[in-house]
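*Asks:* Before I ask anything, here is the structure I am working with.
FYI, it's all coordinate maths here, none of it is from the lab. Being a predicted model, the structure only gives us computed values, none of them experimental. Quick reminder, even Gly has a Cβ in these numbers, built from the backbone with ideal geometry, and neighbours come from all protein chains shown.
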Amino acid sequence: MKRHIVHLDLDTFFVSCERLLDRKLNNFPVLIGGTSDRGVVAACSYETRQFGVHSGMPMKMARILCPEAVVIRGNSSVYTKFSEMITEIIREQSPLFEKSSIDEFYVDVTGMDKFFGCYKWAKELREKIIRESKLPISFGLSINKTVSKVGTTEAKPNNFINIPDGFEKGFLAPLSVKKIPMVGNKTYHLLRSMGVEKVKTVQEMPMELMESVMGKNGISLWKKAQGVDNSPVIAWHERKSISMERTFERDSTDVYKMKSILTSMAENLAYQLRIGNKLTANVSVKIRYSDFQTYSKQRKIPYTSLDHTLISTTLDLFNLLYQRRILIRLIGVRFSHLIGGSYQIRLFEDSEKLIKLYQSMDLIRNRYGKQAVKRAVTMGVKSIGSMHNPFNGQPPIIPAHRRS
């Protein structure tokens with residue numbers, strides 16, 4: 001049986017969310033990301049792209065290229081809520097779907113053509129998403145994930161495309177080789193040095209030549225260029241870790257400041273575990289020095305979601321990790337090995353009084369916001385993370401590089 005795979009992608013998702021909240025941003029160039037010169041562009045509107053702006057670009061450069069752009073720091077909590085809404089719509093309508101990112105989905109509709117029509121179903125799903133969320137979304141439909149994803153890119157903005165069975169190779173042939181999902185900048189420059197610009201050139205090359213140049217990746221790239229991709233749509237499931245990182249505006253050796261931030265991170269993540277009814281059994285801490293050397297340490301612990309244990313472990317790991325005594329650029333905390341469940345009191349270690357204290361603190365946070373109760377040591381730390389429940393049917397979307 002021939003497969004039918006739909007790839008859906010919300011167009012300029014962060015920008016579209018901001019425009020939905022503030023109509024004044026419509027038709028204006030918009031940049032979202034770190035607002036300082038050391039910030040990075042997390043998302044940009046189509047209006048900025050004609051100036052050469054793209055995601056991942058330093059914000060300072062983006063501002064130079066497009067000085068008229070409106071710069072917004074962004075709000076992960078808002079984007080997550082919209083993503084959850086879209087996810088729920090797709091979950092209700094789809095036989096099998098994979099959520100590959102906050103704004104990107106694959107749906108396996110194989111066999112549906114006998115009863116309803118895959119193309120018709122995909123169009124109606126898109127219309128439902130637009131109608132209920134007011135957000136633009138594009139899709140590509142083909143027999144596999146690669147061609148469908150490329151199709152979505154070609155269909156944008158806010159459109160759709162169907163690549164019929166047997167037309168995959170012809171559809172890909174005239175496109176830039178950079179359109180193939182696995183081709184990053186390094187691979188693209190390698191291919192250009194070989195005189196390869198279009199997918200058609202790869203299609204005409206012997207697979208053995210691609211293998212000799214790129215190894216197994218060469219074989220995979222050659223197959224994708226032929227429109228061949230047997231990778232399955234993997235049923236979406238919850239993420240098994242949550243994390244936070246912060247890049248300093250100025251590299252620092254202020255140990256007190258770093259410990260305060262790490263404490264705030266651990267406290268915030270612990271709160272998110274509790275409201276998500278999760279426990280962690282592994283804590284890891286990461287630091288990146290000013291010379292970009294990056295180190296991390298981790299420690300297994302009994303399953304817990306309580307601040308004092310997680311903060312203590314985090315600070316212990318930092319003390320073990322910070323050995324070079326030179327300027328630090330970035331610090332981060334990660335909780336992994338997550339499982340569902342509420343915390344169980346450990347005899348001789350925790351008290352009922354302590355558990356009730358955490359429950360009371362969480363009730364206050366739930367009612368008045370996560371900043372309503374915090375440790376004194378974190379009072380000077382800028383707000384970290386968001387107030388939403390990161391485990392409510394959606395992988396946690398934690399800001400990877402909040403800048404202080």
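*Asks:* Past 30 Å, Cα to Cα: identify those pairs from Lys259/Lys300; Lys257/Lys297; Lys178/Lys240; Lys149/Lys186; Lys24/Lys156, in the order given. If you can, show how the numbers build up before the last one.
*Replies:* Numbers: Lys259/Lys300 20 Å; Lys257/Lys297 20 Å; Lys178/Lys240 32 Å; Lys149/Lys186 21 Å; Lys24/Lys156 23 Å.
Beyond 30 Å between Cα atoms: Lys178/Lys240.
*Asks:* Then there's this: For segment 170-225, what does the relative contact order come out to in percent, with C-alpha contacts under 8 Å and a separation of six or more? Write out the running numbers ahead of the final one.
*Replies:* Working: 49 pairs, mean separation 21.3, N = 56.
For segment 170-225, the relative contact order is 38 percent.
*Asks:* Over the alpha-carbon set of segment 1-165, work out the extent along each principal axis and list the three values in angstrom, largest first.
*Replies:* Principal axes ranked by extent give 54, 27, 24 Å for the Cα atoms.
*Asks:* Determine which aspartates and glutamates satisfy two conditions relative to Lys128: a Cα distance under 13 Å, and not lying fewer than 8 residues away in the same chain.
*Replies:* Within the straight-line cut-off, Lys128 pairs with Glu88, Glu92.
*Asks:* Additional query: Would you work out the Kirkwood radius for segment 170-225? I mean one over the mean of 1/r across all pairs of different Cα atoms, in Å.
*Replies:* 10.9 Å
*Asks:* Please arrange Asp113, Asp11 by counting, for each residue, the other beta carbons lying within 10 Å of its beta carbon, fewest first. Numbers along the way, then the final one.
*Replies:* Details: Asp113 15, Asp11 19.
The most exposed by this proxy come first: Asp113, Asp11.
*Asks:* Give me the one-decimal nm value for the distance between modelled label points at Thr253 and Ser36, 7 Å along each residue's Cα-to-Cβ direction.
*Replies:* Inter-label distance under the simple model: 1.9 nm.
*Asks:* Something else now. Mind giving me the FRET efficiency for Phe28 and Met207? R0 is 60 Å, r the Cβ-Cβ distance, nearest 0.05 is fine. Intermediate values should be presented prior to the final figure.
*Replies:* Working: r = 48 Å, r/R0 = 0.79.
E between Phe28 and Met207, to the nearest 0.05, is 0.80.
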